[in-house]
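J.: Supplied in C-alpha cells, the structure appears directly below.
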Ligand SMILES: Nc1nc2c(ncn2[C@@H]2O[C@H](COP(=O)(O)OP(=O)(O)OP(=O)(O)O)[C@@H](O)[C@H]2O)c(=O)[nH]1
Ligand SMILES: [Mg+2]
Ligand SMILES: [Zn+2]
C-alpha cells in the first residue's frame, strides 16, 4: 500500500479509484503506481507521488507521457525500478502515421483536455485547425482552441482570426490569450484543476511552452524565438508532463508539422457537428450532397449559412478511408494477441 504522503502525491497526479482498481487487477501487491512524465530512448522518468524516478523501458512495451504504470521499486544495486505494466489508457492522442511509413505515435495518454494552440500572428488557418480538432476529439479528450499572442496583432485582425476559428471549432470553446500581457490567462487558469491533465498542441512557435511557464509561475521550460519565415524553431524537443504547484497537470509537446487526419473517424463528426446536423435535413437519407433535389447543404450554401471550403473539407475527410496503416497495425496487434493466447492455451492443455 502506498503511504499517506505518497497517496496525496498520487491524487495530485490524477490517481483515482479506477486506476487503483486497474493496478489491483495486476494481482501483485509489490507493484506500485507511477506516472510517466518524460520518455527518452530506452529510459523514462516517472513520478511516484513522492519522487521522480528514472526507469528503463522495454522495447516490447510502448510507454507514453501521461501513462500510468505499475512498477516494482528496486535499489540501484538491484538494477533500479522495473516496469511491470502500462495501465489501460483512457484517452490517447495519436499523431498520425507519417508518409515514411512510421506507425501512429502516442503523443500523450490519459489527458482530459487538449489545448490546440494557434498563434494570432500566424494562424493555422481553418483547414489545419479542423485537422487538429478532429484528432483531439478522436483522442477522447475535450479540445479547446487557444488563440495565442493577442498582443502581436491589431485588435481587428485578431477579431477576424477568432471569428474564423469559432466557425470551425463547432462545439469546442475558443479562448484568446497573450502570455506577454496576461490577457485572457484568467480564462485558462480555471482549467487547472488538481488531478486534471491538459496537453498543449500546435505548431512550433505557437507559444505553448511560454504559456506553460506563465501558468506554472516560473521558467521551467525553454522557449525560443520564431524564425522570420514563421516556421518556428522547434525549441521543445520532447514531451514533458509538468505538475503545477497550485494543482493541475500540463503536458507540453514539441510543435507538430504536417498532420494527417487519416483515420480520424468520430473526431471528424464532432469537429463538423454543425454540418452533420444540417445534413440531417436533406430530403433523402443517402443524399450525397452533389446536387440532389432537397439537399439541405445545397440550400445552406446558397443562403450563406454554410461556407463552401468548410463543406469541401468535411466531404474530403469523411470520404477518406480509414488509414490502412492504422488498420493494418491494429490487425497485427490483434493477430499477435490471438497467437499468444493460443500458445498459452496449448501450454495449459499440455500440462493437464
Ligand atoms: N508577442 C508574444 N510573443 C509570444 C507570446 N507567447 C510566446 N511568444 C514568443 O513566441 C516564441 C515561441 O514561443 P514558445 O513558447 O517557445 O513556442 P512553442 O509553441 O513552445 O514552440 P515549440 O517548442 O517549438 O513547439 C518565443 O519567442 C516567445 O517569446 C505572446 O503571448 N506574445
Ligand atoms: Mg515549446
Ligand atoms: Zn444533401
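Just so you know, all these numbers are worked out from the coordinates, no wet-lab data involved. These figures come from a predicted structure and were not determined experimentally. Positions of Cβ are generated from backbone atoms using ideal geometry, with glycine treated the same way; all protein chains shown enter the neighbour counts.
J.: Which value, in nm² and rounded to one decimal, describes the direction-averaged projected area of the C-alpha convex hull of segment 66-159? Mind showing how you got there, number by number?
T.: Numbers: hull surface 38.3 nm².
Taking a quarter of the hull surface, the average projection is 9.6 nm².
J.: As an exercise, use a Förster radius of 22 Å and the Cβ-Cβ distance of residue 218 and residue 40 to find the FRET efficiency, rounded to the nearest 0.05.
T.: 0.40
J.: Tell me whether segment 92-252 comes out rounded, prolate or oblate; compute the Cα gyration tensor, take square roots of the eigenvalues as a ≥ b ≥ c, and use a/c under 1.5 as the rounded threshold.
T.: Values: a/c = 1.26, a/b = 1.07, b/c = 1.18.
Because its axes are fairly even, with a/c under 1.5, segment 92-252 counts as rounded.
J.: Which order do the peptides 27-33, 247-253, 129-135 come out in when sorted by mean C-beta neighbours inside 10 angstrom, highest first?
T.: Averaged packing, sorted descending, gives the order 129-135, 247-253, 27-33.
J.: Hey, rough spin-label estimate for residue 21 and residue 173, points 7 angstrom out along Cα→Cβ, what's it come to in nanometres?
T.: Result: 2.9 nm between the two label points.
J.: Could you give the length gained by full extension between residue 305 and residue 159, i.e. 0.36 nm per residue of separation minus their alpha carbon distance, to one decimal place?
T.: Working: separation 146, 0.36 × 146 = 52.56 nm, distance 1.97 nm.
The span from residue 305 to residue 159 would gain 50.6 nm if fully extended.
J.: While we're on this one: Can you give me the distance in nm between label points at residue 237 and residue 185, each placed 7 Å from the Cα along the Cα-to-Cβ direction?
T.: The two pseudo-label positions are separated by 2.8 nm.
J.: Sorted by average packing, counted as other Cβ atoms within 10 angstrom per residue and highest first, what order do 72-78, 138-144, 191-197, 20-26 take?
T.: Put in order of decreasing packing, that is 138-144, 191-197, 20-26, 72-78.
J.: Can you tell me how segment 133-210 classifies by the Cα gyration tensor, rounded, prolate or oblate, using a/c under 1.5 as the rounded cut?
T.: Oblate shape, in that a/c is at least 1.5 and b/c is the bigger or equal ratio.
J.: Still on this structure: Please pull out the direction-averaged projected area of segment 4-86, using the convex hull of its alpha-carbon atoms, in nm² to one decimal place.
T.: That works out to 5.3 nm², a quarter of the Cα hull's surface.
J.: Next up: Based on the mean of other beta carbon atoms within 10 Å per residue, what is the order of 38-48, 297-307, most packed first?
T.: 38-48, 297-307
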